[in-house]
Every structure is written in structure tokens, then in C-alpha cells.
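Peer 1: This is the structure I want to talk about, given as C-alpha cells.
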Amino acid sequence: MKKRILSVVLAVCLLATCFAIAQYSATAASTDKNVSGANPYSITDSNDNATILQCWNWSYSNLEAKMEKIAKQGFSVVQISPPNEIKEGTKGHKVTGETTNGWWMFYQPAGFQINESTDNALGTKAELVSMVETAHKYGVRVIADSVINHMGTANDEETNSSKKNSTDPMVHLTPAAAKFEPEIVNNKLFHTPWFNMTYKYEWDGPEDTCTRDLTRGCTSRLPDLKTEDPRVQSAIYDYLQELVDAGIDGFRFDAAKHIETPNDLAAYKSDFWKNTVTKVKNYAKSTYKKDLLSYGEILNTCGYNRKYSAYFPFMKVTDSTIYRQVQKAVIQSSPSQAIPQNMANGSKAQTVLWNESHDTYMDGESKNYSKAQRNKTWAAIAARDGITSMYLARPASLTQQLGVASDSDWTAKEVAAVNHFNNIFAGKGEYLGNASGIAVIGRGSSTTKGGGAVLVNCASSTSNKSASGVAVATMSNGTYKDQISGTNFVVSNGKITSGTIGNTGIAVLYPESLEPTQPATEAPTTTAPVTTTAPATTTAPVTDPVTTVPETTVPESKFKSGDVNRDGNINIKDATMIQKALAELIKLDEEQTKLADFDGDNRVSIRDATRIQYVIAGLLKV
């Protein structure tokens, strides 16, 4: 499988982070997320306390324009729609309402590379890279929805009866796949015979039939990749690596339960996840010093006798059972059920909950929940310690064009208050309680006078509700201002003695001294995305390692400038050689040193490697 072109922000070597001249350094919990080390809105970098905004169908340029607002709202992560090449253009099309096009197109891959087709409503790779850079400047990380289980269908799949009933997977495959994935197409690397998944064995078994149905059948008729084949695994790994090199900080794996694990029955098991996800996690850690945030979409169940624990070595997983329990509890006066101590399928650290997802929204399950109901659900999950939570940014209208970024309910004051609470208390434990129909999530400690609490009124009505008498064990004596309504709550001897939850149904309380800091000045203006002209480069610090090009007479080389390894091509290997030479891992001879001076400034520096990366990514012409 050919290696995908790496991103223009590649810092394959450790140099980019070591010498602080990379485009960014997005990162694990103990490392700064951006080149300046700034985090202007005090956003947590904890994977286990991440608050994800699902920017469903948003274009990269529109998302970039909203990034400061997202940071001000306290979201620590944004999730983008699948950035791969897709079977059909989406620019100018609606979210839904058309017969043959809509949001689902993003989930029909034609190839496992970052999109470069100009008819894709999300945008191009250059726009993706620019957006990620801006996100990192604000301390926000970016994860990518990743569709790696299947490929797109033929355009006439639903209307051509001969295709519709065929058991040949190649008949069902989009012709666009041949352009982007010739090895997969030419070798017919799809499960055969083709059959559409039934799901009817998911709860009752038998295990063999259920596992075959889930891991070999097709979801919504989409041709199912032979994920056990090393060639498919290589293509997927290359794609995930390309995303990491573009700055992506993690993944949401679509239809994760439909890809087999090493624990499945012998006839179906494989090392797919080990050879893709584990491998790219190790790559991100060794190359960029970042711990990827990854989770798998597993709806309802894993399947009969299939265990969630089989996925935990590779990712967190969604918990449909607990999501539904919390959603129901916050509107039916069941406060204890709104804050369960235990998750259904694993630990809190292994769990992702949401206030709704694009699937529950589009299939109608959550569409009719009100803003107040969804935001109370958000408070009940995002205020918790150690749970990754996700908020769906609903479109203003389902008939709006794909790519539009709407200021919908995610911009609400109560959402920001809960997010800031989570950022302040990330990793500081929790105390759960309930009284008088109110769920209490306490964080921090009263002994250090640094504790706080989120109160959720678990009633169908959102009228004001007194919290007098409610225990708040994490809070010391004093008066606290509700971060949403601005009203005062008085705490004495571990109980609220006065205070009223406002009409959002949520109150957020913590000491004034813990309020998140705000930048004194506006955050840096983002440079416009690079087009066909040379990109602006960051001036290297004086400590930037350089090698002076020899002034002695060197015979004229038959190789082009940039072809450092003298193989007749300018590619990522040449950039890597420069990086290794600067790190003194290898030594270039005089001819190679001259070839490495790609920007012609009579010295070899990391900027020469970066310039090569721009050229091979098509962002710079020479």
C-alpha cells in the first residue's frame, strides 16, 4: 500500500517539538498544546475529563472562525465530520431533505486520505490544517470522526434492482473508490458474499451467527471492508497517521462494533485494532508527545457474548444505556438515576456519554427534547469527574447547507458554566448526592476551601426551585454566586441554607477565586489559509539548529535541490533526512548538504524540511 503524503505540519522528528519551531505541539495531559504554551481560556487537556463539541457537518473554515467562541464556552475538544475522500460532492447540498445527497455522504468513503476534492463541503486539507493550528492556539484539541469499516455504495444502488439483490460486493461499491484505493478495489478486499446486516441476533445469539452478522455484514448496504486483511489495515493506518501529522488529536471510530477484535471467535477475530489504532497511538506518542483521545461508537450492545472489554485496550466506548438513563432521569424527577456511580459497560475512564448524538437526533430519539432538557443532561454528565462527554451542535435547520456552523444551543450560558466547572475541577474527584429532586455533583474539597458543585433540577418543569437543605459536602462555609443566574447561594456546615436554581434547571457554584482566567488581550489573529503562494514561515529562534552550506567548491549535482537522498524524487524521506541531520542522528556529505538547502539561504535548517513538506502536499510550487 502506498504511503499517504504526510501533512504540511509534519514534525516527524522530535525536532519540531524539541526546538519549539513546529506549527504546534498538541498533546497529552502533561504537555502544552501549542507552540507558545498559551492556554488563554484555562481549558483542561485531560482525556478523561474532555468536553467534546461535535461540530456536525461544519466546514473547516467556518469552524476555524468559531474557534475562539468555542474556547470561551470552555469546550476542550471539537469533533469534525469524517475528513476522508467521499463518493460524491457535498458542496451546495443540504443537511437533509434531498433525495440522493445529505449529511450521510460523509460516511461513505471513496478513499482513505484527507479530502482534497474541492466539491466537499467540509473543505480541503490545507483548510483542515489551518483550523487545527487555530484550535491549538486556544488550547482546544481536534478529533476526527473516522469511517474505517466500509466504503461507499454505487450511486444507483437503491434504484437498480440487479445491483440491489447481487451478492457480489464489487457491484455495490462506488466507482470512485477505484481512483483513491486501487489496491483495495483491484484485490476485491471486501467481505463476500455481500449481505445486509440484520441485527436480529444481537441480543439472543447464537454467538457465531451474531458475530458474523455484525462483523461481516453490511451496514445500510455499504460494502464491508475485509478489515482482517493486512492491506486494508495498512491503508487505514496510513490514513490515521496522515491525520495525526495534520495535527489531529484523536478519533471517533464510526461503527466500531462492526469491526472484529482479537477476542472474537477464531473464524472472525483479527488484529485490526492493534495494527491501526495501537500503532498510531504509539506513533503520536513517540513523534509528537501526545496521547490521542479516541473512542468507538458502540450503540445498544456489542452483540451476543461479545464484550466491551475487548475494545478497551484500544479506545473508550459510548454507553447508550447510561445516556438514556440520564436523559430520562433529568426530566422525570429521578436525581439518583441522573448521576449513576457506575457505568453500564466499563469504568468512567472507559466511557463516553453525550447529551445526544447526530444519530439519536436524526433517527428521532432525541430530536424532540427541549434545549433545557438536553442542557440538564449535559450538566449531569459533563460535571462528572473522569467521564468524557460530547455535546451535539445541532444545525439551525435541517435544510441549511452542509458546511454551515450554527450558533445553536451549544452557545448557552449554562453550557459554558458547566464546561468551566469541569475545566477547573478536572481530576479532583467527585461527590454525588441528591435531595428534593435535585442531583448534586460535588467536586474539589471543602477542607481547602476550593470545592464546588453543580445542581440539576430533575423535574419536567424548569421553573425556579429552592435548593435549601441540599447537602454539598465538597463546599466550605460561605456565599457563592451561581455562574448561570448570578444569584447567591449560602452554604453552612455542608448544606445550602439559601439559594434558588434558575429556569435553566442548573446551578453552578464554586469560589470566586477559581473563576477561569480570561486573556488580557484578544487571541492572535489567524493567518488566512495558504493557497498557491508560499506559506508564511515562523522565524526560527536563535537556538534553531542549522548547518552552514559549505563555501568550498562542490561539483554541480545532477540531482535537484531538495533531493537529499539522491533517489531522483523529492519526498518525505528527504525532509526526514534533514530533520535527522539537524538532530545529529546522521551526517550529510557536502553534496547532500547543498541539496538540503531547499530555501536557498545558504544554510540547512528545519525550515528546509518544512518547505519540502509544503511542496509534496501541493501547497507550494517550486
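Table: residues versus (1) open to solvent by 30 Å² or more (accessible area, probe 1.4 Å); (2) touching a residue at least 40 places away in the same chain (Cβ under 8 Å); (3) closer than 24 Å to LEU189 by Cβ; (4) hydroxyl-bearing (Ser, Thr, Tyr).
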| residue | (1), (2), (3), (4) |
| --- | --- |
| THR227 | no, yes, yes, yes |
| ALA235 | no, yes, yes, no |
| ASP254 | no, yes, yes, no |
| THR261 | no, yes, yes, yes |
| THR278 | yes, no, yes, yes |
| TYR283 | yes, yes, yes, yes |
| PHE312 | yes, no, no, no |
| MET315 | no, yes, yes, no |
| THR318 | no, no, no, yes |
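Peer 1: Quick one: count up the residues across segment 324-333 that are out of contact with any Lys or Arg (no Cβ under 6 Å at 6 or more places or on another chain) and either charged (D, E, K, R) or open to solvent by less than 10 Å² (accessible area, probe 1.4 Å) (or both). Before the answer, list the steps.
Peer 2: Within segment 324-333, the first condition is being out of contact with any Lys or Arg (no Cβ under 6 Å at 6 or more places or on another chain), and the residues that meet it are 324-329, 331-333.
So of that shortlist, the ones also either charged (D, E, K, R) or open to solvent by less than 10 Å² (accessible area, probe 1.4 Å) (or both) come out as 324, 326-329.
Summing the residues that are out of contact with any Lys or Arg (no Cβ under 6 Å at 6 or more places or on another chain) and either charged (D, E, K, R) or open to solvent by less than 10 Å² (accessible area, probe 1.4 Å) (or both) in segment 324-333 gives 5.
Peer 1: Turning to a different aspect of this structure: Find all pairs meeting these conditions: Cβ atoms under 8 angstrom apart; at least six residues apart or on different chains; first residue within segment 58-81 and within 18 Å of ASN120 (Cβ to Cβ); second residue acidic (Asp, Glu).
Peer 2: What qualifies is SER59/GLU127; TYR60/GLU127; SER61/GLU127; GLU64/GLU127; GLN79/ASP145; ILE80/ASP145; SER81/ASP145.
Peer 1: Any chance you could count how many residues in segment 214-257 are over 30 Å from ASN165 (Cβ atoms) and either of a type in the set (Lys, Arg) or assigned to a loop (DSSP other than H, G, I, E, B) (or both)? Reasoning before the result, please.
Peer 2: If we filter segment 214-257 for residues that are over 30 Å from ASN165 (Cβ atoms), which is where we start, we get 230, 233-234, 237-253.
Then keep just the ones that are either of a type in the set (Lys, Arg) or assigned to a loop (DSSP other than H, G, I, E, B) (or both); that gives 246-249, 252.
Counting residues in segment 214-257 that are over 30 Å from ASN165 (Cβ atoms) and either of a type in the set (Lys, Arg) or assigned to a loop (DSSP other than H, G, I, E, B) (or both) gives 5.
Peer 1: Is it true that LEU509 is at pLDDT 95 or above and aliphatic (A, V, I, L, M)?
Peer 2: On the way: at pLDDT 95 or above: yes; aliphatic (A, V, I, L, M): yes.
Yes: the conditions hold for LEU509.
Peer 1: Residues in segment 463-471: is at least one part of a loop (DSSP other than H, G, I, E, B), open to solvent by 30 Å² or more (accessible area, probe 1.4 Å) and β-branched (Val, Ile, Thr)?
Peer 2: There is no residue in segment 463-471 that is part of a loop (DSSP other than H, G, I, E, B), open to solvent by 30 Å² or more (accessible area, probe 1.4 Å) and β-branched (Val, Ile, Thr).
Peer 1: Still on this structure: How many of the residues in segment 285-309 are farther than 23 Å from THR321 by Cα and either touching a helix residue (DSSP H, G or I) at 6+ places or on another chain (Cβ under 8 Å) or buried (at least 18 other Cβ atoms within 10 Å of the Cβ) (or both)? Step through it out loud before you land on a result.
Peer 2: The first filter runs over segment 285-309 and keeps only residues farther than 23 Å from THR321 by Cα, leaving 285-292.
After this cut, where a residue has to be either touching a helix residue (DSSP H, G or I) at 6+ places or on another chain (Cβ under 8 Å) or buried (at least 18 other Cβ atoms within 10 Å of the Cβ) (or both) as well, the list is 287-292.
Result for segment 285-309: 6.
Peer 1: If a residue has to be in a helix (DSSP H, G or I), open to solvent by 10 Å² or more (accessible area, probe 1.4 Å) and more than 18 Å from THR261 (Cα to Cα) to count, how many in segment 183-213 make the cut?
Peer 2: Counting residues in segment 183-213 that are in a helix (DSSP H, G or I), open to solvent by 10 Å² or more (accessible area, probe 1.4 Å) and more than 18 Å from THR261 (Cα to Cα) gives 3.
Peer 1: Exactly one of (1) touching a residue at least 60 places away in the same chain (Cβ under 8 Å); (2) over 27 Å from MET362 (Cα atoms) is unmet by ILE143. Its number?
Peer 2: Just one mismatch for ILE143, condition (2).
Peer 1: Considering only residues of segment 298-338 that are of a type in the set (A, V, I, L, M) and under 17 Å from ARG384 (Cβ atoms), which is nearest to the chain's Cα centre (by Cα)? Full working, then the answer.
Peer 2: As a first pass, look at segment 298-338 and keep what is of a type in the set (A, V, I, L, M): 298-299, 310, 315, 317, 322, 326, 329-331, 338.
Right, trim to under 17 Å from ARG384 (Cβ atoms) and you get 317, 322, 326, 329-330, 338.
Working: VAL317: 13, ILE322: 21, VAL326: 23, ALA329: 28, VAL330: 27, ALA338: 26 Å.
Among those residues, the one meeting the criterion is VAL317.
Peer 1: For ALA459, indicate whether it is under 17 Å from THR500 (Cα atoms), touching a Gly at 6+ places or on another chain (Cβ under 6 Å) and either free of Cβ contacts under 8 Å to residues at least 12 places away in the same chain or surrounded by fewer than 23 Cβ atoms within 10 Å (Cβ to Cβ) (or both).
Peer 2: Details: under 17 Å from THR500 (Cα atoms): yes; touching a Gly at 6+ places or on another chain (Cβ under 6 Å): yes; either free of Cβ contacts under 8 Å to residues at least 12 places away in the same chain or surrounded by fewer than 23 Cβ atoms within 10 Å (Cβ to Cβ) (or both): yes.
Against the criterion (under 17 Å from THR500 (Cα atoms), touching a Gly at 6+ places or on another chain (Cβ under 6 Å) and either free of Cβ contacts under 8 Å to residues at least 12 places away in the same chain or surrounded by fewer than 23 Cβ atoms within 10 Å (Cβ to Cβ) (or both)), ALA459 qualifies.
Peer 1: Taking the stated definitions as given, is ILE298 under 21 Å from ASN47 (Cα atoms) and among the β-branched types (Val, Ile, Thr)?
Peer 2: Values: under 21 Å from ASN47 (Cα atoms): yes; among the β-branched types (Val, Ile, Thr): yes.
Yes.
Peer 1: Tell me, yes or no, whether segment 404-424 has at least one residue that is outside any loop (DSSP other than H, G, I, E, B) and farther than 23 Å from VAL77 by Cβ.
Peer 2: Going through segment 404-424, the residues outside any loop (DSSP other than H, G, I, E, B) turn out to be 409-411, 413-424.
In the following step, the residues that additionally are farther than 23 Å from VAL77 by Cβ were identified as none.
No, segment 404-424 has no match at all.
Peer 1: Moving to a separate point now. Name every residue in segment 273-308 that is over 30 Å from TYR199 (Cβ atoms) and among the polar types (S, T, N, Q), in order of residue number.
Peer 2: ASN282, SER286, THR287
Peer 1: Could you run through segment 200-231 and say how many residues are under 12 Å from ARG306 (Cβ atoms) and in contact with a helix residue (DSSP H, G or I) (Cβ under 8 Å, 6 or more places away or on another chain)?
Peer 2: Residues that pass the stated criteria total 4.
Peer 1: Also, I was wondering about something else. Of all residues in segment 263-276 being farther than 20 Å from GLN241 by Cα and hydrophobic (A, V, I, L, M, F, W, C), which is least open to solvent (accessible area, probe 1.4 Å)?
Peer 2: Initial filter on segment 263-276 (farther than 20 Å from GLN241 by Cα): 263-270.
When the remaining residues are screened for being hydrophobic (A, V, I, L, M, F, W, C), the result is 265-267.
Numbers: LEU265: 55, ALA266: 88, ALA267: 75 Å².
Ranking the qualifying residues of segment 263-276, first place goes to LEU265.
Peer 1: Would you check which residues across segment 560-596 are crowded, with 21+ Cβ neighbours inside 10 Å and of a type in the set (D, E, K, R) and list them?
Peer 2: Once the filter is applied, which keeps residues that are crowded, with 21+ Cβ neighbours inside 10 Å and of a type in the set (D, E, K, R), segment 560-596 yields ASP563, ASP574.
The values are calculated or read from the model by the stated rules, or taken from the named source; none is laboratory data. From a predicted model like this one, the values you see are computed outputs, not experimental measurements. Positions of Cβ are backbone-derived with ideal geometry, glycine not excepted, and every protein chain shown enters the neighbour counts. SASA here: full protein model, heavy atoms, side chains in, ligands and nucleic acids out. Shrake-Rupley method; radii C 1.70, N 1.55, O 1.52, S 1.80 Å.
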